1. List the residues of region C:323-358 whose accessible area drops by at least 50 Å² when all protein chains are present, compared with their chain alone, using a 1.4 Å probe and counting only protein heavy atoms.
2. Within 10 Å of each Cβ of B:272-280, how many other protein chain Cβ atoms are there on average?
3. Report, to the nearest 10°, how far helix B:229-238 tilts away from the longest principal axis of the Cα atoms in chain B, using its own Cα long axis and a range of 0 to 90°.
4. Please sort by residue number the trypsin sites (Lys or Arg not before Pro) in region B:267-337 whose DSSP state is loop and whose Cβ has at most 16 other Cβ atoms within 10 Å.
5. Once amide H atoms are placed 1.01 Å from N in the peptide plane, what residues at a sequence separation of 5 or more from residue B:328, or on another chain, have their amide H within under 5 Å of its amide H?
6. Starting from the Cα gyration tensor of region B:276-363, take the square roots of the eigenvalues, sort them a ≥ b ≥ c, and report rounded, prolate or oblate (rounded when a/c is under 1.5, otherwise prolate if a/b is larger than b/c, else oblate).
7. Across the residues of A:159-168, average count of Cβ atoms on other protein chains within 10 Å?
8. Any of C:101/C:300; C:244/D:216; A:49/A:216; B:114/B:155 with alpha carbons more than 32 Å apart? Name them for me.
There are 4 protein chains.
Amino acid sequence: MSFNTFGWLFRVSTWGESHGPAIGAVVDGCPPGISLDENMIQVWMERRKPGRNKFTSQRREPDTVEILSGVFEGRTTGTPIHVLIRNRDQRPRDYSDIVDKFRPGHADFTYLRKYGIRDYRGGGRSSARETASRVAAGGVARAVLRELAPEISIKGYMTRMGTLTAVRDRFDESEIERNPFWVPDAEVVGEWAEYLDGLRKSGNSVGAVIEVVARKAPAGLGCPIYRKLDADLAAAMMSINAVKGVEIGAGMGAAALTGIENADEMRMGRDGPEFMSNNAGGILGGISSGQDIVCRFAVKPTSSILSPRRTVTRNGNNTEIVTKGRHDPCVGIRAVPVGEAMMACVLADHLLLNRGQVGTGGT
Amino acid sequence: MSFNTFGWLFRVSTWGESHGPAIGAVVDGCPPGISLDENMIQVWMERRKPGRNKFTSQRREPDTVEILSGVFEGRTTGTPIHVLIRNRDQRPRDYSDIVDKFRPGHADFTYLRKYGIRDYRGGGRSSARETASRVAAGGVARAVLRELAPEISIKGYMTRMGTLTAVRDRFDESEIERNPFWVPDAEVVGEWAEYLDGLRKSGNSVGAVIEVVARKAPAGLGCPIYRKLDADLAAAMMSINAVKGVEIGAGMGAAALTGIENADEMRMGRDGPEFMSNNAGGILGGISSGQDIVCRFAVKPTSSILSPRRTVTRNGNNTEIVTKGRHDPCVGIRAVPVGEAMMACVLADHLLLNRGQVGTGGT
Amino acid sequence: MSFNTFGWLFRVSTWGESHGPAIGAVVDGCPPGISLDENMIQVWMERRKPGRNKFTSQRREPDTVEILSGVFEGRTTGTPIHVLIRNRDQRPRDYSDIVDKFRPGHADFTYLRKYGIRDYRGGGRSSARETASRVAAGGVARAVLRELAPEISIKGYMTRMGTLTAVRDRFDESEIERNPFWVPDAEVVGEWAEYLDGLRKSGNSVGAVIEVVARKAPAGLGCPIYRKLDADLAAAMMSINAVKGVEIGAGMGAAALTGIENADEMRMGRDGPEFMSNNAGGILGGISSGQDIVCRFAVKPTSSILSPRRTVTRNGNNTEIVTKGRHDPCVGIRAVPVGEAMMACVLADHLLLNRGQVGTGGT
Amino acid sequence: MSFNTFGWLFRVSTWGESHGPAIGAVVDGCPPGISLDENMIQVWMERRKPGRNKFTSQRREPDTVEILSGVFEGRTTGTPIHVLIRNRDQRPRDYSDIVDKFRPGHADFTYLRKYGIRDYRGGGRSSARETASRVAAGGVARAVLRELAPEISIKGYMTRMGTLTAVRDRFDESEIERNPFWVPDAEVVGEWAEYLDGLRKSGNSVGAVIEVVARKAPAGLGCPIYRKLDADLAAAMMSINAVKGVEIGAGMGAAALTGIENADEMRMGRDGPEFMSNNAGGILGGISSGQDIVCRFAVKPTSSILSPRRTVTRNGNNTEIVTKGRHDPCVGIRAVPVGEAMMACVLADHLLLNRGQVGTGGT
């Protein structure tokens, strides 16, 4: 990770501001010969796109991707793949109020303190709009995984929204695509919709927990110490706007367990050793075990709300602010495809890293 | 982060196995002219050292550090600082039982799957012994902070052990150094001691939550996107052995908050803008705000326990294992100084990064 | 350096193929608050542009730069600066002949061996067109230097073309901009023009030596061992297409000197120590001394020539090839602004690195 | 490359000063399962060792290597390999004279300007002693190449010393190990010995040109743009103390060639395409072609000479200096094994990089 780049062999660099002409991602180090076209990326963009329903921002962005390099006759060439996404529905005027006021929970204050200058239009670089570039890069990573480790499947979903939680016993993956919350529990959808609608109408917002699972990832991905697979996932997820916590497997709950409870015991199965539980979340000593890789993260409530909050101006006066513009009442919803994209990028990178050091993409 | 290195300008590379002749850390990129001698590092090593009391491993390691390079006449020269720590109390014989058995919760299985070879003696590279190198590097980082940002103070402590929690209203920082748990709540110490003693005697172990706070860190540390200060902290803490979750500020609890609750409102104070709460944990948009930087992580229970657990052998037979050797009933205790060291290293790196890009060490 | 990125704090990533829709550079880590607009980059693009005279490729590219991010109201914001350059005069049809034939001296053979696929249109990624992105990045670097170290001046020029050399005693910097060869010796221009015209008309090409000098760079830039300033310059220059050798100061000629001759003796001058010669090329132990930084590199003759050369086809048949298309008879001419750009990028990076570690941009 | 580290997957970090207790190298990212013991490294150390004959420094260093980590039961484990070399024959007293005087050609002046402090004992970190760590790392790289690409052979030799050159038509590789100059031309040895002895006795020194050739390296190593194989070799060689120029294939001489002369034409051979010449030095477009990789570098004359040279003191007074201590009259001699080591490290890194991105170690 370096500034606006992440990954070591599969490297993603993103650029662009919320209300500039465009944003984009440069994916470097992609293996050659991978089938790739714009549709293969677009399909993931659609899931993150604003305006899909009343629970997401009404900014109208087609988020159409253009591949400007690195692909020739439908296959990657091994050179940098540049994916461009034009901004279409900029309304910088919406942001005139925040030229001088620091929005609580936003990066306004810290950007100005650090850089002495900031592009205040919709948060500029710190806008959630940046995550579109991540989803585009994730589309490239998925194309790589599809060929190098086709058995891997990556799935994200919400398990909690504000005070409401999905019930794990009722989890049904096929439900995820059927509701606006990407929640795998059909029974809670009605209640969640009502709850979020209420918050939205009252000018409020709410947080969420997202879980991303990678199934059938090979054992052997990761590194012993600082580039542990879990350390990379933690950085990747925490780097998403508004994320405040990251968990692997039992997560923060591991603190409450005893060693006897926590041990994922092993027995021989038909195809080799099997684990009888997965408190480890599929990662032991920083390296994948072949179990499901389970990563969870918390997204704070959208900071842009229509309820007035106290703040100060750039010139040091007390004031109040109501953040107009078009915002998500629960930005966690659109974080689901973003979390999946980050998982895909991290796995693609570690597959290549493992292949480099050990000679295989995992075992 | 790359394999066994972390940091971008203040770079730490560690090496060494639990039962080899020595372990060590190479700190590269340290500013020149910083006062440094072995005592300034040793004082932090003492806090992590095993055998301080009955709640930590009885392995007897003086953990005496030797500075082999990068310091001349008591000051750093700007060249790599190599800190060596000899292993004194190796007992590889204790580990004969694990040559062929995978210890649940340990890296035995994944190292072998990845590398096809492993140093089984006490976990080799994946042993908690590696964290001594981190504490040594943290000592160098503290020396840097002492001169570049002397107002910063870093303090770690336990807030939870298994099912027991400290009470935040009773927090008293001066208690931390007075009890074996580094818990800032004097009233719980007796109960925690009894609880852990019971677990220890029954051949069990338990998890913990550690909180590390950096006070008076300057605003402006961090980067907008992937090297966000919180992303780096998440990677740094998650890279510590046995850590399963990392939180910043409100952490996973942010999911349960509304936007109105979560907003850290601002008012003008005597010396500039002040925040009226700290759900953000001192970081907005990946950049420090000048508030306390609050990072929390969960450590799973020690996997090495004296209660038999089911596992398999290298050759594919079902078996049971009891992990002998000398182990911590709650490895979270010794994770406190390790978490502090990682915070110090991350802050030192970001101070230098900020100075590089912006010209100051923060504002 | 990593694949398509170079620099550590001032980081340049480029993307794009010769006959794709566009090429570009992402400059990350740029200090905030630097005055920058498209004209400040365009002025350097003009010097590298093809078609300036009959001695450079007749491909018609306006090479107009568009800044898509990282600049707000005329100043850099500290976020990634994306500079886009559209390709206007693609003629992929010119390259139909090389679909199946390996052009001697080009990357056709090695790209195919490595990647199993290649964008054959004009060399794709390996085209000299890529150097336009470097000049754009160099424009950003110059803007940084202008504010952080305004006294630095960077000047490139040709000292040799084929068998003809400029005479050092006649060097006159003001001549450089007055002739098509950027040669600082007015007396040779006529002879050089005749010589190159002859080669061009006979379907041949020729190599060149370019020297790039940075005057008044501060002392203290560089690192002791692997990121020595000279090692970074060597990598930067050698990474330019067609470069086969790099020299610092006395360069390869240092081999013929004795220690007595080579010693750059010192005497006290009005403003401190002065060197009485500059065999070192301004760099001692990898660190700038405050003298002129002198870097020289050799560019091989353009490989695309109209004279038939023997080669083989992709399918393993012997054949001959004549490389049509629009090519430079001496590609070294256009390498002059490219070498200057690389010098500017390396110096900007080391200024920031030095500021990061030592706290100043040099002394 | 970063400060004291080089390589991307096969990463070498070195530490240590000339007159400190020890120096060493940490090799990270080494593939697991590679046969390695201390003898396999020691054999290369012997070639660089001082005091082998009257033409090298009389400092008596056994340069015995100790492997402290990363190897278990004779094979690498995939974790960092730390190689330690103790300094035995320090004589800091020899350097009392240079506490206050800047030695011309040395890093004394620039280190002090940059860092404000320097370990003056024998040059500290900037001493040629550091190259012992490189040779140790090169030994590890050779062990990797032996298993991953056993056909590769790497050979370095001198082609020029001062004004004397070896005759290419008489090159006989078997001569290299038979004379103190590693020169592959038996007929020049006597003349070279007399010449160097004369220089040595007169308190002078001389430069040299070293050529390092890697035979039978696979095609496909390298990257298109900034991590070109030649760019990495240029940085690696230029980072060696006293190197002032680096060439690939025709090198600086390429400037004097025409395109017709320079084209390495191709014909089909028994096992596929063959090149009829090697002006490219085995690298096209930054990627190896399967031909011999030919890298050449110039080493300046040893700066430490017994003839008085003019200089200034730290306090700004004019003075003269005679550099006592034990020095090589032609430091280029001992640069031969160092250049070989750097070639081995660069190739090992690119083999792993290629395996990571493309899935093979070359073709």
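The values are calculated or read from the model by the stated rules, or taken from the named source; none is laboratory data. The model shown is predicted, which means the values in this text are computed figures rather than measured ones. A quick note on method: Cβ atoms are made from the backbone with ideal geometry, for glycine too, and the neighbour counts reach across all protein chains shown. Heavy atoms of the whole protein, side chains included, go into the accessibility calculation; ligands, DNA and RNA do not. Shrake-Rupley method; radii C 1.70, N 1.55, O 1.52, S 1.80 Å.
1. Buried by 50 Å² or more upon assembly, which counts only protein chains, are C:355, C:356, C:357, C:358.
2. Working: counts 3, 9, 1, 3, 2, 1, 0, 5, 6.
For peptide B:272-280, the averaged partner shielding equals 3.
3. Roughly 10 degrees between the two axes.
4. Numbers: sites: B:267, B:270, B:296, B:309, B:310, B:314, B:324, B:326, B:334; in loops: B:270, B:314, B:324, B:326.
Answer in residue order: B:270, B:314, B:324, B:326.
5. For residue B:328, the qualifying residues are B:57.
6. Details: a/c = 3.41, a/b = 2.78, b/c = 1.23.
It comes out prolate by the Cα gyration axes.
7. Details: counts 1, 3, 2, 4, 4, 1, 2, 0, 0, 0.
Averaged over the peptide's residues, the number is 2.
8. Details: C:101/C:300 21 Å; C:244/D:216 21 Å; A:49/A:216 28 Å; B:114/B:155 37 Å.
Cα-Cα > 32 Å for B:114/B:155; rest within.
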